[in-house]
Amino acid sequence: MKSNKKVLLINTHLKYPNWSEGLLNDAFHQKAKEFFLFKGFEVLETKVEDGYDAEKEVGKHLEADFIILQTPINWFGAPWIYKKYVDEVFNAGLQDARFLSGDGRTREDLAKQYGTGGNMLGKKFMICSTWNAPKASFDDPNQLLFEGRSTADVLIQITSNYRFCGVEIVADYNCFDIFKDGNIVEDLDNYPKHLENVFNI
């Protein structure tokens, strides 16, 4: 089955030797790669830790129909190398209006909202993340830490970059409680079904 669509898979795991080697995030990355290859997609890949060229990453983003960020959650966000990646790649995409044309507001039309100047309409972005936090700590106002917030709420500092550029955000996929009581095998097995549903393929 051959498709003319492309997907960009970004893996931003940062290795900590003898503690966090990145095997789990690599496993999810490979599961997504296998799924999209089976569906006939061309797969573009970036492993942030291995280095990248910002201009080439802009090109990959523009080529891709779907973009997936594979990330561990370190101290309630992606590893610092991802923030560096975003700053460099999105600044490059801003310079000549490839990613966006301003922030959307104009003096001629005051009704235009902040965040509506994106030029990447028609693309979709998803996060697949691995957490020490258990699933029960989200969406429950009785939980002390997140106070009822969802994973989408906690990940908004990542998804907002893409929404700002006009990309549609689809539901995230998460592997919870990875150090104590998670179900990693089941989460990996269920991942392709999630991809099929959110991307409608």
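The values are calculated or read from the model by the stated rules, or taken from the named source; none is laboratory data. No experiment lies behind these values; they were computed from the predicted model shown. Reconstructed Cβ throughout: ideal geometry from the backbone, glycine too, with neighbour counts over all protein chains shown.
How many of the residues making up the stretch 116-154 are among the aliphatic types (A, V, I, L, M), farther than 18 Å from His194 by Cα and surrounded by 18 or more Cβ atoms within 10 Å (Cβ to Cβ)?
Number of matching residues: 3.
One line per residue, one yes/no per condition, for (1) in contact (Cβ under 8 Å) with a residue 24 or more places away in the chain; (2) assigned to a helix (DSSP H, G or I); (3) under 17 Å from the mean Cα position of the chain (by Cα); (4) closer than 13 Å to Asn11 by Cβ:
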| residue | (1), (2), (3), (4) |
| --- | --- |
| Ala27 | yes, yes, yes, yes |
| Gln30 | no, yes, yes, yes |
| Thr46 | yes, no, yes, yes |
| Glu55 | yes, yes, no, no |
| Ile67 | yes, no, yes, yes |
| Gln70 | yes, no, yes, yes |
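Within the stretch 155-177, track down each residue that is among the aliphatic types (A, V, I, L, M), part of a loop (DSSP other than H, G, I, E, B) and surrounded by 19 or more Cβ atoms within 10 Å (Cβ to Cβ).
Residues satisfying the conditions are Leu155, Val167, Val170.
Go through the stretch 183-201 and report how many residues are assigned to a loop (DSSP other than H, G, I, E, B) and free of Cβ contacts under 8 Å to residues at least 24 places away in the same chain.
The number of residues fulfilling the criteria is 2.
If you take the residues in the stretch 1-26 that are closer than 13 Å to Lys39 by Cβ and modelled with pLDDT under 95, which one is surrounded by the most Cβ atoms within 10 Å (Cβ to Cβ)?
Among residues in the stretch 1-26 that are closer than 13 Å to Lys39 by Cβ and modelled with pLDDT under 95, the one surrounded by the most Cβ atoms within 10 Å (Cβ to Cβ) is Ser3.
With the condition kept exactly as written, say whether any residue in the stretch 144-156 is out of contact with any Lys or Arg (no Cβ under 6 Å at 6 or more places or on another chain), free of Cβ contacts under 8 Å to residues at least 24 places away in the same chain and hydroxyl-bearing (Ser, Thr, Tyr).
Yes, the stretch 144-156 contains a residue that is out of contact with any Lys or Arg (no Cβ under 6 Å at 6 or more places or on another chain), free of Cβ contacts under 8 Å to residues at least 24 places away in the same chain and hydroxyl-bearing (Ser, Thr, Tyr).
Limited to the stretch 60-76, what total is found for residues that are within 24 Å of Met120 (Cβ to Cβ), surrounded by fewer than 16 Cβ atoms within 10 Å (Cβ to Cβ) and not acidic (Asp, Glu)?
Looking only at that region, the number is 1.
Need pairs with beta-carbon distance below 6 Å; first residue within 21 Å of Phe90 (Cβ to Cβ) and at pLDDT below 80 and within the stretch 102-118, second surrounded by 13 or more Cβ atoms within 10 Å (Cβ to Cβ) and among the charged types (D, E, K, R); sequence gap 6+ or separate chains.
Hits for this filter: Gly104/Lys112; Tyr114/Asp103; Tyr114/Arg105; Gly117/Asp103.
Among the residues of the stretch 70-82, are any under 24 Å from Gly117 (Cβ atoms) and in contact with a Cys (Cβ under 9 Å, 6 or more places away or on another chain)?
Checked against the condition, which is being under 24 Å from Gly117 (Cβ atoms) and in contact with a Cys (Cβ under 9 Å, 6 or more places away or on another chain), the stretch 70-82 yields no hits at all.
Just to check your reading of the model, which residue among Glu168, Glu196, Glu186 is of a type in the set (Asp, Glu), over 14 Å from the mean Cα position of the chain (by Cα) and farther than 16 Å from Thr130 by Cβ?
Only one candidate passes the filter, namely Glu196.
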